[in-house]
1. Among the residues of the stretch 187-202, how many are under 10 Å from Gln240 (Cα atoms) and among the small types (Gly, Ala, Ser)?
2. Taking the stretch 85-96 as the search range and keeping residues that are exposed (fewer than 15 other Cβ atoms within 10 Å of the Cβ) and either aliphatic (A, V, I, L, M) or modelled with pLDDT of 80 or more (or both), which one is farthest from Lys23 (Cα to Cα)?
3. I'm trying to understand the selection: among the residues of the stretch 271-297, which are crowded, with 19+ Cβ neighbours inside 10 Å and among the charged types (D, E, K, R)?
4. So Thr175 ticks every box in (1) among the polar types (S, T, N, Q); (2) free of Cβ contacts under 8 Å to residues at least 60 places away in the same chain; (3) closer than 20 Å to Arg308 by Cα but one. Which box is left unticked?
5. If you go through the stretch 91-100 one residue at a time, do you hit one that is outside any helix (DSSP H, G or I) and of a type in the set (A, V, I, L, M, F, W, C)?
6. Count, please, the residues in the stretch 430-443 that happen to be assigned to a helix (DSSP H, G or I) and within 14 Å of Arg373 (Cα to Cα).
7. Would you mind finding the one in Thr161, Thr171, Thr175 that is in the same structural domain as Met311 (by TED's automatic domain parsing), under 13 Å from Thr288 (Cα atoms) and modelled with pLDDT of 90 or more?
8. I need the full set of residues from the stretch 307-342 which are touching a residue at least 40 places away in the same chain (Cβ under 8 Å), over 13 Å from the mean Cα position of the chain (by Cα) and not in a loop (DSSP other than H, G, I, E, B), in order please.
Amino acid sequence: MNESPKPKLLVLDDELDMLRLLKRSLSLDLSCYVLTAADAFQALALMETERFDVVLADIRMPGMDGMEFLDRVRVDAPDQTIVMMTAYGTIDLAVQAIKKGVYDFITKPFEHDKLVHVLEKALERSRLVRENVRLHKKIQEHEGFQELVGAGARMQKVFQTIRLIADTDVTVLITGESGTGKDMAAKVIHRLSPRAKGPFVAVNCPNLPESILESELFGYKKGAFTHATQDKKGLFWEAQGGTIYLDEIGDISPTLQTKLLRVLQDKEIRPVGDTRSIKVDVRIIASTNRDLPAKLKDNTFREDLFYRLNMLALVMPPLRERSEDVPLLATAFLERFLKEFSQQRKTISPELMQRLVSAPWRGNVRELENTIRRAVLLSPAEVIRPEDLDWETGADHDCIVTASIKDLPYKEAKAQVLERFHREYLASLLMRTRSNVTKAARECGLERQALQQIMRRYGIRSKDFHQDESSGSG
């Protein structure tokens, strides 16, 4: 395995003795390449030919000072990580530099260990920025597969199968555990198919009782049952010229299985209460997280229907079997939720990313999606770390007093514990109630006004927890 290349550091200072000292010490302490420049013009010339992970620059310099240098760099390299050195008398300038995007500053004279610590954090920030750019490019490469993200071998096989399936008009059965993205795959198949301009109608089969599901799928005639005051076109009719997606088809009743088999065989539907059949031009995509072969053995699923549905099969792998895709997925979800919640740029720390990669993800992609949503909402800093999700190494996750809190003064520790409790509790409550504050208040036993007051105190907005019905499902 190839070792990662050493990072590059550019040190800019008009004091030559300082440059020599820093080059010698930092190259050893940070294990990096150190280049030096005695003025801003020389530094800019070096930056035209070299890419530096971090630039360490003095503010007070003749010719072009650090602030002007900063403005010049920001034009061509807005994400460049810069640390400023400043004397005590120019701290106000350093604060201005921070507002312009400088990562950090250190005052002269400084302790060498402190400088090393600041630069280590700056190098970490630079690594995160580069990794974020790399992952973003990977995401952009998935042209036509926006809903599905993955670069590993398992997902490449899925993409290849989808491309082959999409060009046909044959019925497709998508199998996989809950949360693996079966509905996303169905949408991609439709969008890449010749029926892309037609409707895509999704039906969640277990959500409706058998009698209602039948009338919803096939429609009904006026007077077919109580409250049938007029004819109604069914979902199969609404999907004319397009695709109907039957989610979790393994849960439908034997009676409905028989009627669905007739649709597959004859391309006809019969509305409830009607004596005539109607021709339909619809492609059927079905999905299930059930073991259909096992249901065949116990006679709870029709064998002839199974083979009709399973003409083309697509298997969605569980996330634990494609852990190499976790960074890509996490970055895609991070970008989406930052935009959705109108938040500033955030990145995932290497420690947290490693924890995400090694997690079992029993809820698959949906669970990862919800974890990143919580991370965006609960993390107070630019870099999201394990402790923001109580994912500290070796921590007892049932204990609210985590390692990072135990060393704090009592009042500060208490305030952090209370804030963490409120954010975690309310996030879980509002996600469970789909951002319905009235329902959330009823479930937690508070008056609505009292719950709203607590939410305002911690800056929690109910709309941030509303989830689309199809979000991450499958």
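1. Of the residues in the stretch 187-202, 1 are under 10 Å from Gln240 (Cα atoms) and among the small types (Gly, Ala, Ser).
2. Checked the stretch 85-96; the qualifying residue farthest from Lys23 (Cα to Cα) is Val95.
3. Arg283 - this is the single residue of the stretch 271-297 that is crowded, with 19+ Cβ neighbours inside 10 Å and among the charged types (D, E, K, R).
4. (2)
5. Quick first cut of the stretch 91-100, residues outside any helix (DSSP H, G or I) only: 100.
Now drop any that are not of a type in the set (A, V, I, L, M, F, W, C), which leaves none.
Within the stretch 91-100 (the criterion being outside any helix (DSSP H, G or I) and of a type in the set (A, V, I, L, M, F, W, C)), the answer is no, since none of the residues qualifies.
6. 3
7. Thr175
8. Arg308, Leu309, Leu312, Ala313, Leu314, Val315, Leu319, Arg320, Glu321, Glu324
The values are calculated or read from the model by the stated rules, or taken from the named source; none is laboratory data. Owing to the predicted nature of the structure, the values given are computational and were not obtained by experimental measurement. Cβ atoms come from the backbone with ideal geometry, glycine included; neighbour counts cover every protein chain shown.
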